[in-house]
Amino acid sequence: MTGWNAENEEAVSAEEAVVMLLAGPPSRVNAWFTSLQMDSRFRVNTFSTDPQDLENKMGYNPEAILLDATIFSGPENLTNFLTKTTSAVYVVLPREAGDDVRKSLSDLPSVRGVFINDINLSQMAGRIYAEVIALRNQAPTMGQVGKGYRTERIAGGLRVITVWSRTGGSGKSTIAAALALEAAQRGIKTLLVGLGVPDISLPTFLNLKTTPNLFGWLANPTFEGGIRPNIQSKGLLDVMVGLQDGIKEKELVKPPEDPASINQLVINATFGGYSIVILDTPVSGAYFNAISASNTMVMVTTPMLDQAVVSAEAYRMAFKRMRDQHRIGVGNVFVVLNRYRPGLLSSNEWHEAADAYTQTMGIGHFPPVAEVIPDVPEVALAANAGRSVLTAGDDFAGPIHRLGDVLYGGGSGSTHEDQKVMHFGPIRIRKGIVGA
Ligand SMILES: Nc1ncnc2c1ncn2[C@@H]1O[C@H](COP(=O)(O)OP(=O)(O)OP(=O)(O)O)[C@@H](O)[C@H]1O
Ligand SMILES: [Mg+2]
């Protein structure tokens, strides 16, 4: 099992992830994003493809900016921008840029690195992460301000969540829908995608039609021509219902570089402005593709002994067999025990069993149980009546809300008087800090 311990490097908590802005021509930003989106050390919170938009987006307070300088009309405009920003900037200059430009940019305090033509992100990601974390830790004079500075950032950044497990009927679709409704209620632009085939669950649970659906996107896999016309909206929540024809399931199993792969669907969606993408992922079929497109996993299972074993197997599948094919850090796996009722295993008992199995298999510890959700008859009633499951009572909505705090940011903000948070889309602004 050599190498498995490297999991610790990936086990980055949501708090620690570096908030990153990517700026450059669309094709470059797209390539960078592809390489960063599944790396849980980073949260790409926004993109910019022109300087004015970049200025506007500085309000998001990125900690790091990866900037292709060719979007600026010349070195003066670029320098002007760089002198104003307090983010750590990594600048990529065109080949024709002279040594003098390179040198003068390197001298600016915000500039942490200057590169020619492109940056090898897989090599540089570790360095950027280390530098930004060092900067964070090294700002003692910012004391109080520093605290607010971090917490006022975008809530949770970009999250691509696969809601998955190998347990059929455990509540994956129910919880995917609930987490999506929760994100939308927080004012975050959210896309929920059904990957089960045929997808009967999302249309039923959310009272939507079965068409348009994902089939339309497969035929035209772009944002404007594929996502926009094929979503159905519920307030800020947009839903792309899954395929209806069982024979088409294999259409979802495509390599990441295929323009009609789930990976590209996620990239299209984030370009279209979604900060949260939730994939209702089936037990079999396209689960592999969904996992490879995600940076977060919510594993929904039930508090029964056999399911502890099934879940340990699922964990092994994702973190051993598929290990190099996704970048869900082990710290970004959230285990949910759903449909708990008296007589079933307690969370501790269940975790002990799952953990014993993962240890026997030599793959370290099983991730902790994030929430236990009781069996609430009203959930099934609401689902079948097409009412929001979040109306099914506090026993169900409470755990979903707490998961929302962890996944989307928020936490204490809603409980402590002195930490009132206003929600503006995905940005959280702490009263008294931003206004000051
Ligand atoms: N906490 C709960 N309390 C009561 N009923 C629940 C709860 N969670 C889910 N259900 C019900 O369990 C049934 C199965 O849920 P759901 O369809 O979400 O599971 P799934 O894991 O997506 O299933 P599949 O593996 O078939 O995709 C539904 O009728 C749903 O309403
Ligand atoms: Mg389902």
### Qualifying positions in the range 54-77 - surrounded by 13 or more Cβ atoms within 10 Å (Cβ to Cβ) and more than 30 Å from residue 328 (Cα to Cα)
55, 69, 70, 71, 72, 75, 77
### Summary
Within the range 176-200, restricting to residues that are of a type in the set (Gly, Ala, Ser) and in contact with a strand residue (DSSP E or B) (Cβ under 7 Å, 6 or more places away or on another chain), the one that is surrounded by the fewest Cβ atoms within 10 Å (Cβ to Cβ) is 187
### Task
Only residues that are surrounded by 22 or more Cβ atoms within 10 Å (Cβ to Cβ) and hydrophobic (A, V, I, L, M, F, W, C): list them for the range 234-266, please.
237, 239, 240, 241, 243, 252, 262, 265, 266
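This table checks each residue for (1) hydroxyl-bearing (Ser, Thr, Tyr); (2) within 16 Å of ligand 1 (Cβ to nearest atom); (3) surrounded by fewer than 13 Cβ atoms within 10 Å (Cβ to Cβ); (4) modelled with pLDDT under 95.
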{"site": "363", "(1), (2), (3), (4)": "no, no, no, yes"}
{"site": "374", "(1), (2), (3), (4)": "no, yes, no, no"}
{"site": "377", "(1), (2), (3), (4)": "no, yes, yes, no"}
{"site": "386", "(1), (2), (3), (4)": "no, yes, yes, yes"}
{"site": "396", "(1), (2), (3), (4)": "no, yes, no, no"}
{"site": "402", "(1), (2), (3), (4)": "no, yes, no, yes"}
{"site": "407", "(1), (2), (3), (4)": "no, no, no, yes"}
{"site": "420", "(1), (2), (3), (4)": "no, no, yes, yes"}
### Task
For the range 334-345, indicate whether the set of residues that are free of Cβ contacts under 8 Å to residues at least 24 places away in the same chain and either out of contact with any Pro (no Cβ under 6 Å at 6 or more places or on another chain) or acidic (Asp, Glu) (or both) is non-empty.
yes
### Message
If a residue must be loosely packed, with under 14 Cβ neighbours inside 10 Å and closer than 28 Å to residue 16 by Cα, how many such residues does the range 326-349 contain?
### Response
1
### Message
Can you tell me which residue is farthest from ligand 1 (Cβ to nearest atom) among those in the range 183-211 that are of a type in the set (D, E, K, R) and closer than 14 Å to residue 231 by Cβ?
### Response
189
### Query
Residues in the range 315-334 that are assigned to a helix (DSSP H, G or I) and within 20 Å of the chain's Cα centre (by Cα): how many?
9
### Query
What are the residue pairs meeting all of these: first residue in the range 370-381, first residue in the same structural domain as residue 205 (by TED's automatic domain parsing), second residue surrounded by fewer than 18 Cβ atoms within 10 Å (Cβ to Cβ) and among the basic types (Lys, Arg), Cβ atoms under 6 Å, and 6 or more apart or on different chains?
375/341
### Query
Taking the stated definitions as given, is residue 317 in the same structural domain as residue 169 (by TED's automatic domain parsing) and touching a Phe, Trp or Tyr at 6+ places or on another chain (Cβ under 8 Å)?
no
### Selection status of residue 49, surrounded by fewer than 21 Cβ atoms within 10 Å (Cβ to Cβ) and touching a strand residue (DSSP E or B) at 6+ places or on another chain (Cβ under 9 Å)
yes
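Residue by residue, here is whether (1) away from ligand 1 (no atom under 15 Å from the Cβ); (2) under 23 Å from residue 174 (Cβ atoms); (3) assigned to a helix (DSSP H, G or I); (4) hydroxyl-bearing (Ser, Thr, Tyr) holds:
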{"residue": "336", "(1), (2), (3), (4)": "no, yes, no, no"}
{"residue": "350", "(1), (2), (3), (4)": "yes, yes, yes, no"}
{"residue": "354", "(1), (2), (3), (4)": "yes, yes, yes, no"}
{"residue": "367", "(1), (2), (3), (4)": "yes, yes, no, no"}
### Message
I'd like to know if the range 348-368 contains one or more residues that are in contact (Cβ under 8 Å) with a residue 40 or more places away in the chain, among the hydroxyl-bearing types (Ser, Thr, Tyr) and more than 16 Å from ligand 2 (Cβ to nearest atom).
### Response
yes
### Query
Within the bounds of the range 214-229, is there any residue that is touching a helix residue (DSSP H, G or I) at 6+ places or on another chain (Cβ under 9 Å) and within 16 Å of ligand 1 (Cβ to nearest atom)?
yes
#### Entry: Selection from the range 282-307 of residues that are in a strand (DSSP E or B) and free of Cβ contacts under 8 Å to residues at least 24 places away in the same chain
none
### Residue count for the range 21-63, restricted to those that are of a type in the set (Val, Ile, Thr) and assigned to a strand (DSSP E or B)
2
### Task
Could you identify the single residue in 277, 298 that is assigned by TED's automatic domain parsing to the domain that holds residue 375, under 15 Å from residue 180 (Cα atoms), out of contact with any Phe, Trp or Tyr (no Cβ under 8 Å at 6 or more places or on another chain) and crowded, with 21+ Cβ neighbours inside 10 Å?
277
### Query
residue 352 fails exactly one of the following numbered conditions: (1) loosely packed, with under 15 Cβ neighbours inside 10 Å; (2) at pLDDT 95 or above. What is the number of that condition?
(2)
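The values are calculated or read from the model by the stated rules, or taken from the named source; none is laboratory data. Treat the numbers as computed from the prediction; the structure is a model and nothing was measured. Please note: Cβ atoms are built from the backbone with ideal geometry, for glycine as well, and neighbour counts cover all protein chains shown.
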